[in-house]
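The values are calculated or read from the model by the stated rules, or taken from the named source; none is laboratory data. Quick caveat: nothing in here was measured; it's all calculated off a predicted structure. All Cβ positions, even for glycine, are placed from backbone atoms using ideal geometry, and neighbour counts span all protein chains on display.
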Amino acid sequence: MKSIVYRTTGDPSVLELVERPVPEPAAGEVRVNVAVSGVNPTDWKSRVGSRPGDDLPFAEVTPNQDGAGTVDAISPEAAELNPQLEVGDRVWIFLSQHQRPSGTAQEYVTVPVEHVVRLPDGISFDVGASLGVPAMTAHRALTVSDQGPSRLAPGTLADKVVLVAGGAGAVGHAAIQLARWAGATVVTTVSSEEKATLARAAGAHHVVNYRESDAAQAILAAVPDGVDIVVEVAPGPNAALDLAVVKNHGTIAVYANNGGDSVTLDVRPFFARNLRFQGLLLYTVGEDALQVAAEDITAALVDGVLDVGEAAGLPLLRYPLEQTAAAHDAVENDAVGKVLIDVA
Ligand SMILES: NC(=O)c1ccc[n+]([C@@H]2O[C@H](COP(=O)([O-])OP(=O)(O)OC[C@H]3O[C@@H](n4cnc5c(N)ncnc54)[C@H](OP(=O)(O)O)[C@@H]3O)[C@@H](O)[C@H]2O)c1
């Protein structure tokens, strides 16, 4: 089978196309014939590591956490853990390469059965390969608030206002879609008119260009009572904005450090308004949170609300497997949209 591997950290040139035997699923694993591999910032960051040339924990690594394809073999232990899953099922994969060498940039990947989720009928592999990192992160950000909800379903965010920072990003896009589905009023910030169009297509009720206006003023003009939950990608630059718009018992759910590693918060409004500054990282959030996210995301897929593509607010940028380096490069250089690799 064709597989992309790297043996040392570094720039995209460390990625190499090789032939490898089709892997056998180990105990508890499922083998998936990958159709589409999804690329996220974490994939190039893992490949870069802390320094070019650093040793890896494995002799070689195939990149990319997310993907979608068809189940092709199931180990007996995996069949016991998930008796519903069958060979031939169309599935999406999450955290394929976390603490493991085998990501989805290859024709066949073996994955723990817990990280393989059946795609509802009619949902494309493109959608499936776009879910893992972005939609699970968005789900967690929307469900870690002081006053709930802890699950997403239609109506669970009915009386809430959600502010999504960077609504044209991959996580931001999923956050808008999931929050809308759950009944929230959704406000989002973007840096350009092109991104505003995408965020509106994703379903945001109010879109604020934070480069062109006083964003806090514009947000409060749209939602005068303020915001319950912020899905925050850039806590450093946005801390003052978030504090200006978040209401009593609000939560700022931080999933990234875009724009810098340090945050300055005015402490008085922070404690006086009972605010929560809540971090989240998929790699450490725990299996229970991942499983409920997968369940709720499946329900949202059944309801048809997690589409991708330009009309849905997330343009697709496609690369063949041989050009995985270019796909990583595109994500590292802030491509607007979802970068997918056609593996099959
Ligand atoms: N904690 C986790 O488990 C987790 C999971 C997924 C992703 N991440 C991290 O989250 C980040 C985003 O991932 P992604 O896949 O969504 O990337 P992406 O598609 O490139 O989107 C990033 C977005 O951040 C926005 N942004 C940057 N600075 C901003 C600011 N000051 N205010 C508002 N928006 C701002 C950009 O929009 P504008 O141009 O409009 O500003 C851009 O759309 C990456 O750093 C990634 O590593 C973390």
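Can you find a residue that is assigned by TED's automatic domain parsing to the domain that holds Asn33 and among the charged types (D, E, K, R) anywhere in the range 146-154?
First, the residues of the range 146-154 that are assigned by TED's automatic domain parsing to the domain that holds Asn33: none.
No, the range 146-154 contains no residue that is assigned by TED's automatic domain parsing to the domain that holds Asn33 and among the charged types (D, E, K, R).
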Report summary line: Scanning the range 266-317 residue by residue, those under 25 Å from Asp228 (Cβ atoms), away from the ligand (no atom under 16 Å from the Cβ) and in a loop (DSSP other than H, G, I, E, B) turn out to be Asp266, Arg273, Asn274, Leu275, Asp303, Val305
Requested in this report: Considering (1) surrounded by fewer than 24 Cβ atoms within 10 Å (Cβ to Cβ); (2) more than 19 Å from Ala312 (Cα to Cα); (3) within 11 Å of the ligand (Cβ to nearest atom), say which one Ala141 fails and leave the rest.
Outcome: (1)
Query raised in the report: Any idea how many residues of the range 318-341 are surrounded by 17 or more Cβ atoms within 10 Å (Cβ to Cβ) and not in a helix (DSSP H, G or I)?
Result: 6
Query raised in the report: Any idea which residue in the range 186-222 is farthest from the ligand (Cβ to nearest atom), counting only those that are farther than 26 Å from Gly337 by Cβ and in contact with a helix residue (DSSP H, G or I) (Cβ under 8 Å, 6 or more places away or on another chain)?
Result: Leu220
Query raised in the report: Could you say whether any residue in the range 68-83 is within 24 Å of Val331 (Cα to Cα) and not basic (Lys, Arg)?
Result: yes
Report summary line: Among (1) surrounded by fewer than 13 Cβ atoms within 10 Å (Cβ to Cβ); (2) more than 20 Å from Leu142 (Cα to Cα); (3) within 15 Å of the ligand (Cβ to nearest atom), Val263 falls short only on (1)
Report task. Within the range 160-176, track down each residue that is touching a helix residue (DSSP H, G or I) at 6+ places or on another chain (Cβ under 6 Å) and either closer than 15 Å to Gly132 by Cβ or more than 10 Å from the ligand (Cβ to nearest atom) (or both). Result -> Val162, Ala170, Val171, His173, Ala174, Ala175, Ile176
Query raised in the report: Taking the range 199-212, which residues are without any contact (Cβ under 8 Å) to a residue 40 or more places away in the chain and either assigned to a strand (DSSP E or B) or not charged (D, E, K, R) (or both)?
Result: His205, His206, Val208, Asn209, Tyr210
Report task. For the range 247-260, name all the residues that are in contact with a strand residue (DSSP E or B) (Cβ under 6 Å, 6 or more places away or on another chain) and within 14 Å of the ligand (Cβ to nearest atom). Result -> Ile252, Ala253, Val254
Query raised in the report: Between residues in the range 29-49 that are of a type in the set (Asp, Glu) and residues that are within 12 Å of the ligand (Cβ to nearest atom) and not in a helix (DSSP H, G or I), which pairs lie under 7 Å by C-beta distance while being six or more apart or on different chains?
Result: Asp43/Gln65
Query raised in the report: Quick one: would you say Ala153 is within 12 Å of the ligand (Cβ to nearest atom) and either farther than 21 Å from Leu241 by Cβ or buried (at least 24 other Cβ atoms within 10 Å of the Cβ) (or both)?
Result: no
Report task. Confirm whether Gly236 is part of a loop (DSSP other than H, G, I, E, B), without any contact (Cβ under 8 Å) to a residue 60 or more places away in the chain and assigned by TED's automatic domain parsing to the domain that holds Leu163. Result -> no
Query raised in the report: If Arg211 satisfies every condition in (1) assigned by TED's automatic domain parsing to the domain that holds Val245; (2) within 20 Å of the chain's Cα centre (by Cα); (3) surrounded by fewer than 19 Cβ atoms within 10 Å (Cβ to Cβ) but one, which is the exception?
Result: (2)
Query - Criterion: part of a helix (DSSP H, G or I) and under 22 Å from Ala135 (Cβ atoms) - qualifying residue of Trp92, Trp44 - result: Trp44
Query raised in the report: Quick one: how many residues across the range 266-301 are surrounded by 13 or more Cβ atoms within 10 Å (Cβ to Cβ) and of a type in the set (Phe, Trp, Tyr)?
Result: 2
Report summary line: The condition from (1) within 15 Å of the ligand (Cβ to nearest atom); (2) over 30 Å from Asn333 (Cβ atoms); (3) not in a helix (DSSP H, G or I) that Ala244 misses is numbered (3)
